[in-house]
Amino acid sequence: MTETENNLKPRIGVFSLTGCAGDQLMILNLEDTLIELLSKFDIKSFQEASSYSENTNLDIAFVEGSVSTEHDLKTLKNIREKSSLLIAIGDCAVNGCVQAMRNKQTSIAERMIDVYGVEDNIYKTFEPKGVGEYVKVDFEIPGCPIEKEEALNALISLLNGDAPLIPDYPVCVECKLNGYPCVIIEEGKPCLGPIITAGCDARCPGLGLDCVGCRGPIKGETNAKAELEALRKRGYADKYIINRLRFFAGNFDDIQILGVKENSKGDK
Amino acid sequence: MTVKNSLTPLEAQITRIEEMTSIEKLFYLKLIDLNTVKEFHYTPGQFLEVSIPGVGEAPISICDVQREHGRLQLCIRKVGRVTNAIHRLKKGDRLWIRGPYGNGFPMNLMENHDLLLIAGGLGIAPLRSVLQYALLHRNSYGSITVMYGVKCYSMMLFREEFLKLFREGDKLNVKFLLAYEDSDDFQCYQLSCERSDRCMSGLVTKLIESTAITPDNTYAVVCGPPIMYKFVVKELTQRGFTPAQIYMTMERRMKCGVGKCGHCITGSSNSIKYVCKDGPVFTYWDALKTRGLM
Amino acid sequence: MYKKLFKEDLEQFTSTLKQFGSIYGPVKKTSRGCEFTELTDFKDLQLNYTRTMIPPKKFFLKPKEPLYSLNKDAGFKEIIDDSKTVLLGVHSCDINALNLLDRVYLNQFPDLHYKTRRENTIIIGVSCEPDDYCFCTSTGSSHALKGFDLFLHEISDSYIVRVGSMKGFQIITQNKHIIKNPSLTDIKEFKEYEAERLSKITLNLNVNGIQDILDLSFDHAVWQENADICFGCGSCNLVCPTCRCYDVIDYLKLDLKNGLKVRRWDSCMLKQHALVAGGLNFRPTRVERLYNRFNCKMSCSEDSLNCVGCGRCTVYCPADINFVEVLKQVRED
């Protein structure tokens, strides 16, 4: 490949903050198209794929992981400065994901004692948050981990110069499009589908399982109170429901404000 | 399957592009298939669904009058996924169109009447087609008054064309008035020095306030951002315009253009309108009957 | 024209339908009921069912379907599914709903995809088994007067078969040996069975003049109360046999040249439904969307209400919003 051809390709970098690197892995798992896909980009950094890394200006930066340390924050700000587009990939980068499940519930000091037995914040951590809390994010690709198909379509859109299309409707839509029986209505399962961002093609309800919310609530449209109410009616205890909601969405205001009703005793 | 599908987009070529503002370009299109050219008729106020394969479709109103078969002009603001992609196209490139759709303005009904065209921002695009139609059939219409509200000189669409009308319109019995929001805009200020009764700082409603207009034998035709209608209609009704004398063209999410996809539905159960099919041109009377239309 | 088919001959009758297309019928899927599924074994057919979650509109306006293959240079090429289908066991409410969809999809700008499948599908109706959620007698859709090829009205040991089209007549002709003429006793029984069926539809919604009431009640507290418990999940729309909103999305392949234009069902309860490019949303709040949905359902197209009283939106609402109850509260009667 000539130097000029390479120059026309978007320069990209894939970066990890605090997280499991599972989202990078999902991109690498696009086995059928991986070679073709990667050949369309000029990859300057991709931790999971190659030790090669170049600290340079980028057209697009993909960031996974939450911001939970000073180091994360510094890295993130550096990426933002050097990149025309910054795309949060995976729930950790979008909203903090499972790392945020106890945010505003237990302090960092309490967590230090529970985990390390010392109160001092030796790792200089703070409550994990999505990257959008600190820098401008151009697009978000949710999921824990991200969906391969969705990521591929997003990359294709970007290559074509278009904004990626990410659903802003709930999993219920995909259940109905697929004709999957509703696990809440048919079986009284504690499905979070009504408030969770679609894009997984209702993977779990399609297997008869209740949605655990791994793609995070729909920003600006989540009726968490209604979910609490709907599951209460089906016999679930407040604590169970709230923990379930917090699992992937501890950073959402409308989930944080949900309080356990006194004497709430579900039988499940 | 050989059945002709009237909803399949037709191929068109861009024959010319004019950059009008930082966010708006004027595209000149030519239909490619000669068989479809003959069947392609449009009237002022109608719109097209413009496609970029692989990106999507957007409803765009046609901004000129049909002169030659199969040729048309679209003034497109860069505002979303599709229009951004259209803005990346160059002269000679192709795009795909469906239509024309919508009812359009009642040009026949308005014959032998004076016309008062009131536009804000990009709203001038469909009204330009009304203006051009009336000028093409000049003897069929009475006096024409155009009131155009812009943010500033650099955001003024069809600038040369309209400045000519501003200065020389009287020869054609056309009064062209301009309102500009940015009071510091020097070029607009110069225009207001040139003709203080025809160009003033303020919103388009200011032009209505400061101009002698009567509802007698007149139709008002309005197009602009949704917020504008309320104020313009208030001014007009205060001056004695009846709800049936005021025509306006509405914006909605018109995904299919043919009254199927449902996104442009508006109203309450006793008057549901598909803006794409029942409109996009409505009278103020329609708006009074249909909750949420205006 | 009315004929008679003994229930014991139904299997044989069904087997002759194969020549008209793949047979789909109600097959038990969940504790709650049946879904229209391709019939591979006659034993799976459950003609005595209450309602499917997904209405038969899915055969005509598919939940997800590629409309065109696209190419950046060549444009769009239609993808048409012209396979032949027989829908066996469609209820009156759902047939009436299809008649409503026809008005939208077969009008001045016919939708070729819908039209092709409508023309390639045989519809055989069957009498229903109403439950407490059915209110079709209120919406004037408890009987289908047209929109089917055959209609099987159940009586004790047989069906009174109404022939609704030439295609239906053709099926009857091919089954001459098992098709009889109804006797006077059969007709008496038919009346009894109809009365029995109708007596089971006890839920009543007074739709007389509801349009005025809804328009005047746009700020009634009931809208906000229900918007507060509504997820905005769109389930009500997606299971509705008369809801027909769709969205269209272009997908590009990695070659950035070829792709597909895909249509999928949409819902007016979703926040982007009335959102235009540039960010202006004509129904930004859930309460506006809820009001719009109820109004759309209670509006009329050519004097027919856009609701057929099937009860699906209530049954399948995860927030337990009761369609009829909400309207009763608005009516305050």
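Taking (1) at positive phi; (2) touching a Phe, Trp or Tyr at 6+ places or on another chain (Cβ under 6 Å) in turn, residue A:208 satisfies each apart from (2).
Remark: pairs (first residue in region C:186-213, farther than 22 Å from residue C:51 by Cα; second residue open to solvent by 40 Å² or more (accessible area, probe 1.4 Å) and assigned to a loop (DSSP other than H, G, I, E, B); Cβ separation under 7 Å; 6+ apart in sequence or on different chains) = C:189/C:156; C:206/C:333; C:211/B:270; C:212/B:270. All of B:195, B:239 fail the test of being touching a Pro at 6+ places or on another chain (Cβ under 9 Å), open to solvent by 10 Å² or more (accessible area, probe 1.4 Å) and either more than 30 Å from residue B:97 (Cβ to Cβ) or within 14 Å of chain C (Cβ to nearest Cβ) (or both), apart from B:239. The residue pairs whose first member lies in region B:31-42 and is among the β-branched types (Val, Ile, Thr), whose second member is buried (at least 16 other Cβ atoms within 10 Å of the Cβ), and whose beta carbons are closer than 7 Å, counting only pairs six or more residues apart or on different chains, are B:32/B:11; B:32/B:12; B:36/B:10; B:37/B:31; B:37/B:70.
Considered as a group, the residues in region C:1-29 that are surrounded by 15 or more Cβ atoms within 10 Å (Cβ to Cβ) and among the hydrophobic types (A, V, I, L, M, F, W, C) include one that is nearest to residue C:163 (Cα to Cα), and that residue is C:5. Of the residues that make up region C:81-99, is at least one without any contact (Cβ under 8 Å) to a residue 12 or more places away in the chain, in a loop (DSSP other than H, G, I, E, B), open to solvent by 30 Å² or more (accessible area, probe 1.4 Å) and within 14 Å of another protein chain (Cβ to nearest Cβ)? There is no residue in region C:81-99 that is without any contact (Cβ under 8 Å) to a residue 12 or more places away in the chain, in a loop (DSSP other than H, G, I, E, B), open to solvent by 30 Å² or more (accessible area, probe 1.4 Å) and within 14 Å of another protein chain (Cβ to nearest Cβ).
Looking at region B:145-174, which of the residues that are touching a helix residue (DSSP H, G or I) at 6+ places or on another chain (Cβ under 6 Å) and in a strand (DSSP E or B) is surrounded by the most Cβ atoms within 10 Å (Cβ to Cβ)? Here the residue is B:148.
For the criterion of being open to solvent by 30 Å² or more (accessible area, probe 1.4 Å), out of contact with any Pro (no Cβ under 7 Å at 6 or more places or on another chain), more than 7 Å from chain C (Cβ to nearest Cβ) and under 19 Å from residue A:146 (Cβ atoms), residue A:203 passes.
Rundown of residues vs (1) modelled with pLDDT of 95 or more; (2) over 25 Å from residue B:279 (Cβ atoms), yes/no style:
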site: B:191; (1), (2): no, yes
site: B:196; (1), (2): no, yes
site: B:212; (1), (2): no, yes
site: B:220; (1), (2): yes, no
site: B:227; (1), (2): no, no
site: B:233; (1), (2): yes, no
site: B:236; (1), (2): yes, no
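Of the listed requirements (1) among the hydroxyl-bearing types (Ser, Thr, Tyr); (2) touching a residue at least 40 places away in the same chain (Cβ under 8 Å); (3) within 11 Å of chain C (Cβ to nearest Cβ), residue A:197 misses just one: (3). Among the residues in region C:125-146, are any farther than 20 Å from residue C:308 by Cβ, open to solvent by less than 20 Å² (accessible area, probe 1.4 Å) and either of a type in the set (A, V, I, L, M) or modelled with pLDDT of 95 or more (or both)? No, the conditions are met nowhere in region C:125-146. Residues that are within 9 Å of chain C (Cβ to nearest Cβ) and surrounded by 24 or more Cβ atoms within 10 Å (Cβ to Cβ) number at least 1 in the following strands (runs of 3 or more DSSP E) confined to region B:247-287: B:265-268.
Within region A:153-186, being more than 7 Å from chain C (Cβ to nearest Cβ) and under 30 Å from residue A:61 (Cβ atoms) holds for A:154, A:155, A:157, A:158, A:161, A:162, A:163, A:164, A:166, A:167, A:171, A:174. Restricting region C:247-267 to residues that are surrounded by fewer than 21 Cβ atoms within 10 Å (Cβ to Cβ) and within 25 Å of the chain's Cα centre (by Cα), which is farthest from residue B:96 (Cα to Cα)? Checking each candidate, the answer is C:264. Pairs are defined by a Cβ separation below 6 Å, a sequence spacing of at least 6 or placement on different chains, a first member in region A:123-152 that is closer than 25 Å to residue A:204 by Cβ and assigned by TED's automatic domain parsing to the domain that holds residue A:216, and a second member that is modelled with pLDDT of 95 or more and surrounded by fewer than 18 Cβ atoms within 10 Å (Cβ to Cβ); no pair meets this definition.
Does region C:53-62 include one or more residues that are open to solvent by less than 50 Å² (accessible area, probe 1.4 Å) and under 30 Å from residue B:85 (Cβ atoms)?
For region C:53-62, residues open to solvent by less than 50 Å² (accessible area, probe 1.4 Å) and under 30 Å from residue B:85 (Cβ atoms): present.
Consider residue C:180 carefully, then state whether it is within 18 Å of residue C:5 (Cβ to Cβ), open to solvent by 10 Å² or more (accessible area, probe 1.4 Å) and of a type in the set (D, E, K, R). Yes: the conditions hold for residue C:180.
Looking across region C:112-170, the residues that are touching a residue at least 12 places away in the same chain (Cβ under 8 Å), within 14 Å of chain B (Cβ to nearest Cβ) and under 18 Å from the mean Cα position of the chain (by Cα) come down to C:113, C:114, C:116, C:117, C:118, C:120, C:139. Checking A:243, A:251 one by one, the residue that is part of a helix (DSSP H, G or I), out of contact with any Asp or Glu (no Cβ under 6 Å at 6 or more places or on another chain) and outside the structural domain of residue A:66 (by TED's automatic domain parsing) is A:243 and no other.
Scanning region A:76-120 for residues that are among the polar types (S, T, N, Q) and within 19 Å of the chain's Cα centre (by Cα), which turns out surrounded by the most Cβ atoms within 10 Å (Cβ to Cβ)? First the steps, then the outcome.
Filtering region A:76-120 down to residues among the polar types (S, T, N, Q) leaves A:78, A:83-84, A:95, A:99, A:103, A:105-107.
Now narrow it down to the ones that are within 19 Å of the chain's Cα centre (by Cα): A:95, A:99, A:103.
On the way: A:95: 26, A:99: 22, A:103: 18.
This residue is A:95.
Taken over region C:147-177, the residue count meeting the criterion of being open to solvent by 50 Å² or more (accessible area, probe 1.4 Å) and either outside the structural domain of residue C:19 (by TED's automatic domain parsing) or of a type in the set (Phe, Trp, Tyr) (or both) is 1.
For region B:45-75, filtering for residues that are crowded, with 23+ Cβ neighbours inside 10 Å, β-branched (Val, Ile, Thr) and more than 11 Å from chain C (Cβ to nearest Cβ) leaves 2. If only residues of region B:198-227 that are within 14 Å of chain C (Cβ to nearest Cβ) and assigned to a helix (DSSP H, G or I) are counted, the one that is surrounded by the most Cβ atoms within 10 Å (Cβ to Cβ) is B:226.
The values are calculated or read from the model by the stated rules, or taken from the named source; none is laboratory data. The structure displayed is predicted, hence computed values, not measured ones. Please note: Cβ atoms are built from the backbone with ideal geometry, for glycine as well, and neighbour counts cover all protein chains shown. Remember, those area values only see protein heavy atoms, side chains included, never the ligands or the DNA or RNA. Shrake-Rupley method; radii C 1.70, N 1.55, O 1.52, S 1.80 Å.
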